[in-house]
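In what follows, a structure is listed as structure tokens, so that the remarks can point back to it.
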Amino acid sequence: MKIEFPVKHIENNIIFSHDGTVWAYYKIDGFNYDFLDDDEKILPFQQQMSFLTNVGLDLHYLVVPNPTNIKGILNSTIEEMKLKRYPLKENGIQFIEQAKKALENERELNESSEYHHYIGIQLDPEKNRYVSGNAGINALTSVKKFFEGFSSPLYQAVGLYPDDILQSQVNAFQSQAVSIESTVANSFGSRIQKVTTEELVFIIEKTFSTRNNNTDVQLRTSYGIGTAVEGVDKQGNKHKAIRNNKKDFFDLQNTNIKEIGPKTLLLSRITDTNDIENLYCQYLSIEYIDDVQHHPGSEWLYRIQLRMPFPLTVSIRAENQPNEIIKKKLTNAKLEFRDQRKEAEKGGQDVDMSVDVSQNGTIQMENYFKQTGFPGFACSFIFKVTAESEEQLKTRVGLLRNELSKFGLKIVAPYGEQLHFLLESIPGSKKYHDDYKMEVAPGVLAGMMFGATTNIGDNRGFYIGHTSQFSKPVFIQPDLAAKAFDGLGNVVDSISVLVAGMTGRGKSFFMNLFIYLSTLTGSKGLIIDPKGDRTGWDKGLPFIPKEFIEVWTLGSDPDDAGSLDPFRTSTSIEEAKDITMDILSYLANITLNEDAYNILSEAVEEVSNKEDPCIGRVLIYLHDLYENRPEGMSDKRYETLERLRGTLETLKRNQLSMLLFGEVGQNFKVLEHDKPIQVLMIQNLNLPSSKEKKKDRTIHKISEAIMISITAWTKQYMFKGDRGTHKFILQDEASAIERSPIGVELMDFIVRMGRFYNTTLMKGSQNASDHGNDVANMGMKFSFGLRKTSEAEEMLDYLNLPKTNANIKILKTLDRGEALFQDIYGRSAVVKINPVFVELLDAFDSSTSSEAEREREKVRVV
């Protein structure tokens, strides 16, 4: 059979077909569905129902698998790394190369797919397959249009051919496509974008791919289609047009297609190395589907994307049938059943039971369309299954058939129709036959949940793990949300990261892995480690030698004294005064309405105007004020001064306080910004275990004050350096800082301004409730296992997911190393963190067991 390519011309997202139809294609980014409760699942159904009942045009649903090209993604990451200037570039490239080889060996990852959803809308209502109206009137209209065609510039202007496309037509259809775009966006609950010419060419070419993962098809960035021409009519008016050449599309079809049986195609292509690639292919169609399906529960299109462990292409042609046409068809069907009964009575026979069932169904459908006024849709459902061998193809077809049977759908591979189905699945094509036409109510199309997605991550950057369901690889680029790329589709602009999870569930391990991979791919950053979990990092990490890591253990050396004085860690003198007041008033247990607060404020204000301001100078000021009592100072105020001075002097003698209480002329240690990784640990830091604790010990309060001062210093780190270099600040145990109002303010500032300064704040805490009010400004969110139901409910609130029992159970039963991840596009999925190499597992493991103990435990379990 000779293949007649159906596409005539492509202009942006508009396809002109040889049958005269014009299609506009849109890409649907997708919406979350799995985590919704039953009531919320009604909303996307109703949105699509509204669209289907009002669109009045023929439709083409297209689900295209995009098997995750691990090699391609990591190669792109390497190319991005080569453009950067940073000391660990060669180390990072070497690591990504080794990770690429390791991941390519995991076959199941290569077979998983990210699905892209496209919807095509036929723009010319007069080209609909089914058009309302009287047959005689329609015939006269056709004759009129026939004669009007001869008056077109295509027939009148010299230099134009009848098969050319007028530029005025192109402009008119593009204007119509723009007006339809918002309607489509409102109907699928997610971001919609017009498909580009390059992407449409890419989709078409994938039809002729000879690889299961389509890696032989690359996006053509400068593919020329059509030639601009100009004609002049008798009046001297110029008319611009586009002339199509069938050869424009020959290169896309550079594949030999052979029917090796009535139900199977063999696609073959000669590679650049002169090898022959073969791919077996089978197209299947739905033979039976219920006329009306109930929602939720009928999401078969969404479910097969979840459950099929191989790439699957789905093409659905849905021809709009106006309400009067569908009612007339049903009325005619009733008359046919009546005639069958009459003929059976004449012969003294009873009709078959199937006639009764069909007649009852027809009556119900007629009542349905009479009551609702909805249109119907004549649909053709096509599934494309590919494999590397006939045996594998048979197995995959069987899996698909069994899965669809769970939804009451029966599929077949029609005899001798494989080439027709191949053509029909091409964007802009037509429906080639009516043998397997399914006439359905709009609820059947709305209920299949077209546009619901399981995609997660950025599909660029570095690999962090795979989804728990079907092991789809997950890639992220930490600074992507700050790039403001056109067409990115992110719903949040923040590059900060929220991480929550109880102890022992992998929270700290993931944060370590995140900053490790960020560093190797060109970032640099600071880790605030109040628990001292990273003491061994000063010996180096795999691919990161020790000279690129600075581990500061403040409090272990007398030279550390005064290095965390707020006057020395803050970005401005005004900020220093605020933080100093907050810390000292907190340590001394004084509030705004007390005399002691007023005295302390005067001291801080006076010291801020001196050279080398520090908390030690504040104490000197209070001491001098006490020794030289001003005239007019009341006894009560003098006693308050005495208590304040004594309290602060006592606190100063604490071992940890030496970090906060700087002295005048002190040669204090300066925290630098040049190392790729800096770990800041505080010796003997003792943070309170719970924010509900009513009365903290002094050591707890000093520890919290130190954490606040460190957070102030992170602002300095954020401000300094090139904005082009992505920085990260890992704040472990962030809840200790957010117990203080000034701490909350500092953290909130870093989160809000992180995008501008290209700095990711990674907040780690054991509980969801520890993260405060800045959750709305966070980008990516990771929730590892949570213990309490209340914590799970709060995390679901952060993720804007319903607080269903099923969702709460997911958060409470996550295995070690699993996290519920929400990306910058608002999509959510459970992800299993995978470091790829055992060396990283050992380097970041914070458990107390040794390797020998773990081996003995494995033997004991066995």
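Nothing in this text is a laboratory measurement; each read-out follows from the coordinates by a stated rule. What you are looking at is a predicted structure, and each value in this text was computed from that prediction instead of being measured. Reconstructed Cβ throughout: ideal geometry from the backbone, glycine too, with neighbour counts over all protein chains shown.
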Report task. Normalising by the residue count of the chain, find the relative contact order in percent from Cα pairs under 8 Å and 6+ residues apart. Result -> 15
Requested in this report: Over the alpha-carbon set of the stretch 410-568, divide Rg by the Kirkwood Rh and report the Rg/Rh ratio to two decimals.
Outcome: 1.21
**Report entry** Mean Cα-pair separation over length for the stretch 548-681, i.e. relative contact order, pairs under 8 Å, 6 or more apart, %
**Finding:** 48
Report task. Quick one: grab Rg to one decimal and Dmax as a whole number for the stretch 560-668, Cα atoms only, in Å. Result -> 13.3, 41
Query raised in the report: At a Förster distance of 30 Å, what's the computed FRET efficiency of LYS788 paired with ARG307, Cβ-Cβ distance as r, to 0.05?
Result: 0.40
**Report entry** Mean-position separation - Cα centroids, the stretch 375-449 and the stretch 67-95, in angstrom
**Finding:** 40
**Report entry** 5 angstrom amide H check on GLN321, placed H, neighbours 5+ away
**Finding:** GLY376, PHE377, ALA378
Report summary line: Reduced to Cα centres, the span from the stretch 238-279 to the stretch 542-585 in Å works out to 65
Query - Given LYS781/LYS812; LYS27/LYS206; LYS71/LYS384; LYS781/LYS832, the pairs whose alpha carbons are separated by over 18 Å - result: LYS71/LYS384
Report summary line: Quick calc, the stretch 560-668, dipole around Cα centre from Cβ unit charges on Lys, Arg (+) and Asp, Glu (-), nearest 20 debye, gives 280
Report task. Highest first, please rank the peptides 182-195, 420-433 by the mean number of other Cβ atoms sitting within 10 Å of their residues. Result -> 420-433, 182-195
Query raised in the report: If you take the beta carbon distance between ASN593 and ARG643 as r and set R0 to 22 Å, what does 1/(1 + (r/R0)^6) give as a FRET efficiency, to the nearest 0.05?
Result: 0.85
Report summary line: The exposure ranking of PHE369, PHE510, PHE837, fewest beta-carbon neighbours within 10 Å first, is PHE837, PHE369, PHE510
Report summary line: For the chain, whose charge dipole is built from +1 on Lys and Arg Cβ atoms and -1 on Asp and Glu Cβ atoms, the candidate among GLY443, LEU520, GLY30 with its Cα farthest towards the positive end is GLY443
Query raised in the report: Taking a 22 Å limit on the Cα-Cα distance, which of the listed pairs LYS194/LYS247; LYS258/LYS472; LYS329/LYS431; LYS8/LYS240; LYS394/LYS430 fall beyond it?
Result: LYS194/LYS247; LYS258/LYS472; LYS394/LYS430
Query raised in the report: Per residue of the chain, what 222 nm ellipticity follows from adding -39500 (n - 2.57) for every DSSP H run with n ≥ 4, rounded to the nearest 500?
Result: -12500 deg cm²/dmol
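With a Förster radius of 22 Å, plug the Cβ-Cβ distance of LYS89 and GLU839 into 1/(1 + (r/R0)^6) and report the FRET value to the nearest 0.05.
My answer for the efficiency is 0.60.
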Query raised in the report: For the stretch 514-530 and the stretch 26-59, what is the separation of their Cα centres, given in Å?
Result: 41
**Report entry** Most positive-pole-ward Cα, PRO162, ILE544, LEU619, against dipole of the chain from beta carbon charges
**Finding:** PRO162
Report task. With a 10 Å radius around each residue's Cβ, average the other Cβ atoms per peptide and rank 631-643, 80-92, 297-309, 819-831, highest first. Result -> 819-831, 297-309, 80-92, 631-643
Query raised in the report: Kirkwood hydrodynamic radius for the chain: how many Å is it when counted over pairs of different Cα atoms?
Result: 31.7
Query raised in the report: On a 0 to 90 degree scale, rounded to 10, what angle separates helix 38-55 from the longest Cα axis of the chain?
Result: 40
Query raised in the report: Between ASN256 and ASP722, what is the spin-label point distance in nm, taking each point 7 Å from the Cα along the Cα→C-beta axis?
Result: 5.2
Query - Distance (nanometres) between label positions extended 7 Å along Cα→Cβ at ARG653 and ASP559 - result: 2.9
Requested in this report: May I ask for the angle, rounded to the nearest 10°, between helix 789-798 and the longest principal axis of the chain, with both axes built from Cα atoms and the value confined to 0 to 90°?
Outcome: 70
Query raised in the report: Highest mean first, what order results for 211-222, 51-62 on Cβ atoms within 10 Å?
Result: 51-62, 211-222
Query raised in the report: Mean separation of Cα pairs under 8 Å and 6+ residues apart, divided by the residue count of the stretch 1-134: what relative contact order is that in percent?
Result: 38
Query raised in the report: If you take the charge dipole of the chain about its Cα centre, with +1 on Lys and Arg Cβ and -1 on Asp and Glu Cβ, which of PHE462, THR227, PHE661 is farthest toward its positive end?
Result: THR227
Query raised in the report: Can you list residues whose amide H is under 5 Å from THR313's amide H, if they're 5+ apart or on another chain and H is modeled 1.01 Å from N?
Result: LYS384
